Structures are given as C-alpha cells and as structure tokens.
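The values are calculated or read from the model by the stated rules, or taken from the named source; none is laboratory data. Since the model is a prediction, treat every value here as computed from it, not as a measurement. Note that each Cβ is placed from the backbone with ideal geometry, even for glycine, and that neighbours are counted across all protein chains shown.
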C-alpha cells in the first residue's frame with residue numbers, strides 16, 4: 001500500500017492511515033468520536049490526539065453522546081484532572097456542547113450521518129491528488145460544512161471533518 005509521507009514510521013499513524021484516514025464513515029458513534037477528537041486536536045498535532053485516543057474513549061464514556069451531553073461541573077473537574085487527555089477547560093466544555101448539538105442534529109435529520117452526508121448527496125468525494133502536498137487544507141466543500149457546523153453551534157471544529165466524506169488520495 002502506498003502511504004502518505006506524514007505517517008512516517010509511527011505504527012499508530014500507519015494504522016490510522018491504512019484503516020481510517022479518508023475512509024468514509026457512516027456510524028454515528030464514530031462520527032461523534034471524531035467530533036470529540038477533532039475538537040481536542042485544535043492547535044495540536046493529530047498524532048498527539050491519536051496517542052491519547054484510548055484515554056479519551058475511557059474518559060468520554062466510549063464516546064456516547066447522550067452521556068457526554070449530561071456531563072456536569074463535577075464531571076468537567078474530573079476531566080480537567082485526567083492526565084490521559086488534553087486538560088483544557090474550553091475544549092472540554094466544547095465537547096459537552098457539541099454532544100448536545102450532535103443529539104439535536106440526530107433528532108432533526110434522524111442521524112448525524114444523514115446530516116453530514118447530505119453535503120455530498122450521500123456519495124464520497126473522490127479526489128485525484130497523488131501527493132499530500134497537493135491536498136489543500138480546506139476546500140469550498142469543507143468550508144461549507146464548517147460554516148454549517150458553526151451555524152449549528154458546534155464548537156472548536158476544524159475543516160478536518162471533510163475527511164469523513166472524502167477519499168483523500170488515490
């Protein structure tokens with residue numbers, strides 16, 4: 001398998017590259033997991049978050065949005081003292097807000113998957129980039145998704161959600 005240069009020799013990055021990066025997602029729990037991880041990643045490297053992923057899974061109740069939406073001040077303090085995750089109050093509070101908004105979107109669209117895939121008519125975007133240097137940091141599509149997510153009041157999300165519906169490299 002041809003790999004992107006960014007995975008280097010890190011086994012965790014290689015596994016993520018080979019099994020997840022650019023692979024379309026249709027599972028709401030996986031969507032929510034990525035929402036949590038992406039908001040934690042803001043300003044940090046993705047490998048930093050990947051290395052903490054299992055800690056996040058435990059800390060965030062296996063990424064169950066209903067449980068996360070119900071987190072209170074006591075739970076926020078527990079998360080702030082958890083050395084296995086990024087201990088940033090704004091990011092933690094954003095994750096709770098995002099869980100609430102995620103549930104609202106699920107209710108409105110019957111699933112978050114229906115919502116996110118509606119941007120591309122339920123079909124993965126197939127790009128023809130041959131090298132990571134060709135992949136833009138954002139596109140019109142990613143900007144539109146990002147804008148709509150902000151309109152839905154989801155916090156701290158990068159345009160990286162674009163990777164959930166796009167195959168990045170051929």
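Values for this structure:
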item	result
Unmet requirement for residue 28, which otherwise passes all of (1) within 21 Å of residue 102 (Cα to Cα); (2) surrounded by fewer than 16 Cβ atoms within 10 Å (Cβ to Cβ)	(2)
First in region 86-107 and more than 18 Å from residue 59 (Cβ to Cβ), second anywhere and surrounded by 17 or more Cβ atoms within 10 Å (Cβ to Cβ) and modelled with pLDDT under 95, Cβ under 6 Å, 6 or more apart	101/154; 105/112; 105/115; 106/112
Residue in region 78-93 that is surrounded by 20 or more Cβ atoms within 10 Å (Cβ to Cβ) and either in contact with a strand residue (DSSP E or B) (Cβ under 8 Å, 6 or more places away or on another chain) or modelled with pLDDT under 95 (or both) present	yes
Residue selected from region 1-46 under the condition touching a helix residue (DSSP H, G or I) at 6+ places or on another chain (Cβ under 7 Å) and free of Cβ contacts under 8 Å to residues at least 24 places away in the same chain, by the criterion nearest to residue 64 (Cα to Cα)	37
Residues satisfying the stated conditions in region 108-130, i.e. assigned to a loop (DSSP other than H, G, I, E, B) and either touching a residue at least 40 places away in the same chain (Cβ under 8 Å) or within 23 Å of residue 42 (Cβ to Cβ) (or both)	111, 124, 127, 128, 129, 130
Of residues in region 118-170 being surrounded by 13 or more Cβ atoms within 10 Å (Cβ to Cβ), modelled with pLDDT under 55 and over 15 Å from the mean Cα position of the chain (by Cα), the one farthest from residue 108 (Cα to Cα)	169
Residue in region 101-117 that is surrounded by the fewest Cβ atoms within 10 Å (Cβ to Cβ), counting only those that are modelled with pLDDT of 95 or more and touching a helix residue (DSSP H, G or I) at 6+ places or on another chain (Cβ under 7 Å)	109
Meets criteria (at pLDDT 95 or above, out of contact with any strand residue (DSSP E or B) (no Cβ under 6 Å at 6 or more places or on another chain), surrounded by 17 or more Cβ atoms within 10 Å (Cβ to Cβ) and assigned to a helix (DSSP H, G or I)) for residue 67	no
Conditions (1) surrounded by fewer than 20 Cβ atoms within 10 Å (Cβ to Cβ); (2) assigned to a loop (DSSP other than H, G, I, E, B); (3) under 17 Å from the mean Cα position of the chain (by Cα): number failed by residue 51	(2)
